[in-house]
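Accompanying notes for the structure given below.
The values are calculated or read from the model by the stated rules, or taken from the named source; none is laboratory data. Since the structure is predicted, the reported quantities are computational estimates derived from the model, not experimental observations. When we count neighbours, we look across all protein chains shown, and the Cβ atoms used for this are built from the backbone with ideal geometry, even at glycine.
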Amino acid sequence: MPKTLTKAGDILSAHVAEAAGATDATVTTTCPSCGTRQKLSEASVAHEGTDTVYTCVKKCQPILIVSDPQRIELPGRGHRYASLMIRNVAELEVSSGRGTVKVAASPAALEAISGRTLKYRI
Ligand SMILES: [Zn+2]
């Protein structure tokens, strides 16, 4: 269970071969509320409970959450990378020395995934 802020870029770099070397500054996504394209390094990031929450640079809504792992699969909540889960509201574009790889949106990213995690409202 993460106890400190865990960066999404670091997780992708560690677990996705095509994204090796990625950081929050090389991961781009779109806020569904305002449509602003932004790097994760531009978003506000905070540690809430066991989650790391990225909020749109214009403060519209959460755009990505890093959560602790869940024992049961909950379709659409996010992408599991070893001991962590990335819940991305919109598609991610991850650039690294190897090119660009896309990570599909998690359509239910902001739904609660267990009693231990928060439900994020838009
Ligand atoms: Zn926004």
Screening Ala17, Ala8, Ala82 for residues that are more than 16 Å from the ligand (Cβ to nearest atom) and at positive phi leaves only Ala82
I want to confirm something. Restricting to the stretch 1-57 and keeping residues that are without any contact (Cβ under 8 Å) to a residue 40 or more places away in the chain and among the acidic types (Asp, Glu), which single residue is surrounded by the most Cβ atoms within 10 Å (Cβ to Cβ)? Asp24
Flag if Val16 is β-branched (Val, Ile, Thr) and under 13 Å from the mean Cα position of the chain (by Cα): no
Taking the stretch 5-21 and keeping residues outside any helix (DSSP H, G or I) and either among the hydroxyl-bearing types (Ser, Thr, Tyr) or closer than 15 Å to Ala43 by Cβ (or both) leaves Leu5, Thr6, Lys7
Surrounded by 14 or more Cβ atoms within 10 Å (Cβ to Cβ), in contact (Cβ under 8 Å) with a residue 24 or more places away in the chain, more than 16 Å from the ligand (Cβ to nearest atom) and of a type outside the set (Lys, Arg): does that describe Val66? yes
Please count how many residues of the stretch 88-119 are at pLDDT below 95, of a type outside the set (A, V, I, L, M, F, W, C) and under 13 Å from the mean Cα position of the chain (by Cα). 2
With the condition kept exactly as written, say whether any residue in the stretch 23-34 is at pLDDT below 95, away from the ligand (no atom under 16 Å from the Cβ) and out of contact with any His (no Cβ under 6 Å at 6 or more places or on another chain). no
